[in-house]
Every structure is written in structure tokens, then in C-alpha cells.
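Student: Take this structure first; my questions come after.
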Amino acid sequence: MSIGKFISLEGGEGSGKSTQIRLLKSKLEEQGLDVIMTREPGGTPVAEALREIILKGDPDSMDAKTEALILYAARRNHVEKLIKPALAEGKWVISDRFFDSSMAYQGIAGGVGETAISELSQWSLGDFAPDLTLLLDIDVTVGLARAGKRMAGEAEAEDRFEQFGLSFHQTMRDAFLRLQKQSSNRIKLINADQSLEDVAKNIWQTVGNHFTL
Ligand code: TYD
């Protein structure tokens, strides 16, 4: 059996990632592929417990270095216990966020530094990386307005990061766009400020260009 593929999706608040992940999963399944949907931080019991710690509570309860250490502990567990075994069984894995989020949020916007995050990544995961990363890019104000609408109905929103201001989100968007330019073979830019159907269409074209399905 051939080894599966690992796709991550990245994007700011309100970029429509979760909907697009579900749509991509169905399209891949229509091709006869076995697909697992997962998320970061999270994906395994250990990583989900660490997710609770990192996403809930006061924005000042930890600094970006502490976040990075917890995120990489969660990520190593996720990779070793879920992602690699699934790929070895020939399954395709789609993750809502992966290490580019740590680079953008903690490394660049949070000030930990890109070198520190690269070293942490290398130390904990070696050269393991997604086969393809889709960056769903959207204007920060448009994205936050969408996320705001969605969050209004949720009682237990995991909103520690959503409490940061507009300039943090702008820095983060710029960081993702820079990462995309640096790793343009792996990270593909998707304009998320379009209808759901058009974004899905772009994603499917991009996946088709990247892999032989
Ligand atoms: P989530 O509720 O999954 O939000 P989103 O819909 O934006 O993906 O929350 C994940 C949050 O965690 C998100 O604000 C980004 C942040 N995060 C990091 O800061 N670093 C990371 O490495 C990861 C995976 C997530």
C-alpha cells in the first residue's frame, strides 16, 4: 500500500478553514481515498488536553515562548501517535493548522523568533512536514467580522487568541504571506475572500496540481 499524503490548512480568524476542510475531505473520499481530519493544537488525547491549557484563560497567563513549548509537545504527540501511523496505513491526513501557525503566531507575531521555532521544530519533529499547505488568506477586518458573527452564538468559545487586537492579527497575516513566499513549493496561497464554492474550487485545483490523484 502506498504512503498517504499530509495536507495542512492555515489562515486567520474567519477564513473559513473548517468548512473548506470538510469539503476537501469529501472530494478526496470521492476519489476513493481514506481521509482523516484532525486539528492543531489537538488531534490526540494528550494534545487535546494541552489545547485546553493553551486556548482557555487570560491572554496574559503565558508568554509566547511557553506557548511554543506546549504547542510542540502537543505536535510531537500528534505526529507520532496519529499522523505518521495514519500515513503509513495509506490514509490521507488533513490538519486544521500545523507548524506554520507556530512560526506565524509565536515565532513572528509573538517575537520568539523564526530561528528558535525552526530549531524547536527540527529537534522535535526532524524533517517531518506537510506534503502540501493551503494558506487561506483574507483581509483581517473581513475575517474578524466573520469570526465575530460566528462566535456570538457559542457559549464556550476558545477565545484566548481572539482577544488580541487588530494589529496582532495584521502582523500574523503578513507573517503567513511571508512564509508562503519563502516556501512556495509547499505552501499555496488561496484567496479566501470569495464565495465558499469558489474557494473550494481553487483548493481542489491546487490539490490536483500538486498530487496525482
Ligand atoms: P482555533 O479555535 O482552532 O481557531 P482557528 O479557527 O483560528 O484555527 O484556535 C487555534 C488558535 O491557536 C488560533 O488562534 C491560532 C493558535 N495557534 C497558535 O498560536 N500556534 C500554533 O502553533 C497553533 C497550531 C495554533
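Student: Kindly indicate whether any position in the stretch 111-127 is touching an Asp or Glu at 6+ places or on another chain (Cβ under 8 Å), modelled with pLDDT of 95 or more, within 13 Å of the ligand (Cβ to nearest atom) and outside any helix (DSSP H, G or I). Break it down stepwise before answering.
Tutor: The initial filter retains those residues of the stretch 111-127 that are touching an Asp or Glu at 6+ places or on another chain (Cβ under 8 Å), namely none.
Checked against the condition, which is being touching an Asp or Glu at 6+ places or on another chain (Cβ under 8 Å), modelled with pLDDT of 95 or more, within 13 Å of the ligand (Cβ to nearest atom) and outside any helix (DSSP H, G or I), the stretch 111-127 yields no hits at all.
Student: Check whether at least one residue in the stretch 70-88 is within 11 Å of the ligand (Cβ to nearest atom), over 14 Å from the mean Cα position of the chain (by Cα) and surrounded by fewer than 22 Cβ atoms within 10 Å (Cβ to Cβ), and report yes or no. It would help to see each step written out before you state the result.
Tutor: First pass over the stretch 70-88, keeping only residues within 11 Å of the ligand (Cβ to nearest atom): 70-72, 74-75, 78.
Add one more test, that the residue is over 14 Å from the mean Cα position of the chain (by Cα), and what stays is 70.
Add one more test, that the residue is surrounded by fewer than 22 Cβ atoms within 10 Å (Cβ to Cβ), and what stays is 70.
Yes, the conditions are met somewhere in the stretch 70-88.
Student: Just wondering, is there one or more residues in the stretch 29-37 that are of a type in the set (Gly, Ala, Ser), away from the ligand (no atom under 15 Å from the Cβ) and out of contact with any Pro (no Cβ under 6 Å at 6 or more places or on another chain)? It would help to see each step written out before you state the result.
Tutor: Taking the stretch 29-37 first, the residues of a type in the set (Gly, Ala, Ser) are 32.
Then drop every residue that is not away from the ligand (no atom under 15 Å from the Cβ), which leaves 32.
Of the ones still in play, those that are also out of contact with any Pro (no Cβ under 6 Å at 6 or more places or on another chain) are 32.
For the stretch 29-37, residues of a type in the set (Gly, Ala, Ser), away from the ligand (no atom under 15 Å from the Cβ) and out of contact with any Pro (no Cβ under 6 Å at 6 or more places or on another chain): present.
Student: So, one more: Taking interchain pairs and intrachain pairs at least six residues apart, which have beta carbon atoms under 7 angstrom, with the first residue in the stretch 9-24 and among the hydroxyl-bearing types (Ser, Thr, Tyr) and the second within 7 Å of the ligand (Cβ to nearest atom)?
Tutor: What qualifies is 18/96.
Student: Taking the residues in the stretch 54-70 that are among the charged types (D, E, K, R) and part of a helix (DSSP H, G or I) as candidates, determine which candidate is nearest to residue 31 (Cα to Cα). I'd like the intermediate steps shown before the answer.
Tutor: Here is the first cut: in the stretch 54-70, the residues among the charged types (D, E, K, R) are 56, 58, 60, 63, 65, 67.
Narrowing the set further to residues that are part of a helix (DSSP H, G or I) leaves 60, 65, 67.
Working: 60: 46, 65: 41, 67: 38 Å.
If we take residues in the stretch 54-70 being among the charged types (D, E, K, R) and part of a helix (DSSP H, G or I), then 67 is nearest to residue 31 (Cα to Cα).
Student: In the stretch 89-99, which residues are within 8 Å of the ligand (Cβ to nearest atom) and either assigned to a strand (DSSP E or B) or over 19 Å from residue 48 (Cα atoms) (or both)? Working first, answer last.
Tutor: Going residue by residue through the stretch 89-99, those that are within 8 Å of the ligand (Cβ to nearest atom) are 96-99.
Across the stretch 89-99, the qualifying residue is only 96.
Student: Which residues, counting only those in the stretch 5-47, are over 24 Å from residue 185 (Cα atoms), surrounded by fewer than 21 Cβ atoms within 10 Å (Cβ to Cβ) and in contact with a Ser or Thr (Cβ under 9 Å, 6 or more places away or on another chain)?
Tutor: 44, the sole residue that qualifies.
Rundown of residues vs (1) assigned to a helix (DSSP H, G or I); (2) closer than 30 Å to residue 201 by Cβ; (3) of a type outside the set (Ser, Thr, Tyr), yes/no style:
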{"site": "13", "(1), (2), (3)": "no, yes, yes"}
{"site": "37", "(1), (2), (3)": "no, yes, yes"}
{"site": "43", "(1), (2), (3)": "no, yes, yes"}
{"site": "49", "(1), (2), (3)": "yes, no, yes"}
{"site": "52", "(1), (2), (3)": "yes, no, yes"}
{"site": "72", "(1), (2), (3)": "yes, no, no"}
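Student: Residue check: is residue 60 among the charged types (D, E, K, R), surrounded by fewer than 20 Cβ atoms within 10 Å (Cβ to Cβ), in contact (Cβ under 8 Å) with a residue 60 or more places away in the chain and away from the ligand (no atom under 14 Å from the Cβ)? Spell out how you get there, then give the answer.
Tutor: Values: among the charged types (D, E, K, R): yes; surrounded by fewer than 20 Cβ atoms within 10 Å (Cβ to Cβ): yes; in contact (Cβ under 8 Å) with a residue 60 or more places away in the chain: no; away from the ligand (no atom under 14 Å from the Cβ): yes.
Considered against the rule, which asks whether it is among the charged types (D, E, K, R), surrounded by fewer than 20 Cβ atoms within 10 Å (Cβ to Cβ), in contact (Cβ under 8 Å) with a residue 60 or more places away in the chain and away from the ligand (no atom under 14 Å from the Cβ), residue 60 comes out as no.
Student: Hey, could you check the stretch 175-199 for residues that are in contact with a helix residue (DSSP H, G or I) (Cβ under 8 Å, 6 or more places away or on another chain) and of a type in the set (D, E, K, R) and say which is farthest from residue 133 (Cα to Cα)?
Tutor: Looking at the filtered set, the residue picked out is 193.
Student: Here are the criteria: (1) among the charged types (D, E, K, R); (2) within 11 Å of the ligand (Cβ to nearest atom); (3) closer than 25 Å to residue 81 by Cβ. Tell me which single one residue 22 does not satisfy.
Tutor: (2)
Student: Now a separate question. Test residue 118 against the stated conditions and say whether it is surrounded by fewer than 17 Cβ atoms within 10 Å (Cβ to Cβ) and within 18 Å of the chain's Cα centre (by Cα).
Tutor: Values: surrounded by fewer than 17 Cβ atoms within 10 Å (Cβ to Cβ): yes; within 18 Å of the chain's Cα centre (by Cα): yes.
Yes; evaluated as a whole, the condition is true for this residue.
The values are calculated or read from the model by the stated rules, or taken from the named source; none is laboratory data. These figures come from a predicted structure and were not determined experimentally. Glycine gets a Cβ as well: all are built from the backbone with ideal geometry, and neighbour counts include every protein chain shown.
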